[in-house]
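Structure, as structure tokens:
The values are calculated or read from the model by the stated rules, or taken from the named source; none is laboratory data. The structure displayed is predicted, hence computed values, not measured ones. We place every Cβ from the backbone using ideal geometry, glycine too, and count neighbours over all the protein chains shown. Please note that ligands, DNA and RNA were not included when accessible areas were found on the heavy atoms of the full protein model with its side chains. Shrake-Rupley method; radii C 1.70, N 1.55, O 1.52, S 1.80 Å.
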Amino acid sequence: MTISRIRRIDNTYQAFLTLFWSFNCISLTYATPREIIGNNSDELQQQNETEVELFQWQDYSVLATMLFISCAIGVFYGYFGEKQMTGDDFLLGGSSMGTFPMALSLAASFITAIELLGNPAEMYVAGGQFWMICLAFILVVPVTSQLYLPVFMRLRLTSCYEYLEVRFCKFMRVYASALYMMQMILYTAVAVYAPALALSDVTGLNTYLAVSVVYIVCIFYASQGGMKAVIMTDTFQSAVLLGSLAAVLALGVAQEGGSDSIWDYARRTERLHFFDMNPDPTVRHSFWSVVVGGTIYWISMFCANQASIQKYLSVERLSQARVALWVSAIGLISVYSVNFATGALLAAHYEGCDPIQAGVINASDRLLPLYVVRQLGEHRGVPGFFVAGIFAASLGTVASALNSLSAIACQDLATGLLGITLPEDKGAAIAKWVCLGCGALSFALVFAVERLGPVLQLALSFNGMIGGVSLGLFSLGMLFPWANAKGAIAGGVFGLILVLAAGGGAQFVQVPLPRLPTSTESCPVSLNLTTHVAINSKENHDDAVFWLFRVSYLWYTSLGCVSTLLIGLVVSVITGVTDPADVPIDLISPPVVNFLNSLPIKIKKALRIPTRMGSERRRSSSVRPPSLADDKDTRRRRRLSELAGGVFYSDAPTLTRGHDNLAMGLESEKLTPHEHKRTSFKLDPQLNTPQTSTC
């Protein structure tokens, strides 16, 4: 190791220690005692009059340790691990990551601090209907692993939106990439700021400093260690997250005298009502909106989200990614179940004194932090452990987002839009600087989300609106070989307009949310009980509000996806459908190929489907062995594509598209010069991606 590198690491270490010292000092300055709520009014009033220090040195030590280890992982992979030279080394971890770490990282990127605070609050305020989202996690895995995952694993495209250029045109690639960048930059701002604000109101931690620490730590290890650091840090942070949730639940149940009384109270107050079968789409949480709408939402997160697909490509084999999907689904179900059990605990604890109506807190996402600090604060280190878990969730979300944004900026904007060819030996260095820039931009926007409404609903709405359109575009290309570029453009634009109208209108009218009855009978007289909270046990069906603005936010993804598909198919039919024989086999989902292959010959002719559409005559790499002129990333992608059954890198470029498409099992035909020009399909050796015309 060179002296300059040692000095850089030493300076980083000193700066990190200075940051934590400032964090501790400033946070202690802002810590102020607040009202305490519990079951015993006299004891609470006594405690309320006594100034208490919210965070002890043990709490700060636990939090600092978690952040320090996260940074240390980034230092290891950035300075001591295997040297990262190419863009794939930095963005995909060289496709050499293990199955279990990738699975935990995948789950950690979906478990945001918003969910950790919002799910218990949802159980407290409205009941456990939203827990049925766990069924969606089970339904999503087979859909993802069979319909969409094989396509991405065969293509091995660093940016998933490159698919839209190969399948349709360059405009669709840039359009979807721009939507994703806007979505993730805003979403990360919400995912960091909202929990930090909730923690600040209850624990006294300075909001701006907490947000700054999360971003500084996250940008540091994500930009230094790349995908390897992101995945391994997520694995560590998953343990912190799960441990903190389990500790809070275990201590809380013991303090309440066991789980029987907690679940008995939940049953008596109708918080265990899971099967609301009302088909009305304006019902916020029903069985249909949560399970059906939630399934479509999570399919978009698993199948049309760059951060997820990038992690799939960090492993070698398709089988590894499929196992990781099941592991991540089990992890999500576990976390959500613990969260809702914690919500039942909060409901039982605050049975006689609702802190929202009492004026102690002004939003439901403050409930869990309030309980942890006030009721479990006597256990030294537990509040710090809880806050460390919240910070871990924020770090995991932001780190995955920054890595994916770096891939989008390098592949789609620089190479795809501007035509800039990034040198292979500088790919990792360029990606690091792009990662830093994306983090700075997200941080600059973080305080613009302060007054945007309920954070859980807002966060899911953000992803749902954009994710539904992206899912519709990928589905249009993978499931319908007849769709053309004009249909994709029309569907993508119309779908976006529709969901923005629904989500924007709902944000503007602010329809009151349903709320289960609570009590303030046992509250201390010193508390401010003048706050009025509207109690709505039923949905608000105000006919004065346009129905589209009252549609449940869980239907936004379905709305965007279905409208994109329908308009895309209609416009494709009107403007002239694509000949399925002109679509490369790897661009079509394998189950769709099998289904079309099983159709009667008469139907095939009517649909213009080749007689023997399939992969029986796939060629191996021995026909066209890798060239010495190919760069490292290209050779790696070819090998991994073939492991997944891909043909893009194993067949000659002119044999992967058109009527002379051996990969599709078609007989060779004699084409006219005009037809040959129309159906040719070439690979640019510099870009490693198929070139198509712009729309």
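Summary table
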{"item": "Solvent-accessible area per residue, Å², over the stretch 175-240 with all protein chains present [probe radius 1.4 Å]", "result": "18"}
{"item": "Percentage, to the nearest whole number, of Cα pairs in the stretch 265-356 over 15 Å apart", "result": "74"}
{"item": "Cubic angstrom per residue, convex hull over Cα atoms of the stretch 208-304", "result": "191"}
{"item": "Extension gain (nm, one decimal) between Leu566 and Trp326, 0.36 nm per residue minus Cα-Cα", "result": "83.3 nm"}
{"item": "Label-to-label distance, nm, for residues given as Ser261 and Ile574 (7 Å Cα→Cβ offset)", "result": "6.6"}
{"item": "Extension gain from Trp433 to Thr65, taking 0.36 nm per residue of separation minus the Cα-Cα distance", "result": "129.8 nm"}
{"item": "Cα gyration tensor shape for the stretch 115-203, rounded if a/c is under 1.5, else prolate or oblate", "result": "oblate"}
{"item": "Protection proxy ranking of 379-388, 212-221 - average other beta-carbon atoms within 10 Å, highest first", "result": "212-221, 379-388"}
{"item": "Cα→Cβ-extended label distance, 7 Å offset, between Thr611 and Phe80, nm", "result": "6.5"}
{"item": "Approximate spin-label separation Asn362-Leu599, in nm, with each point projected 7 Å along Cα-to-Cβ", "result": "5.9"}
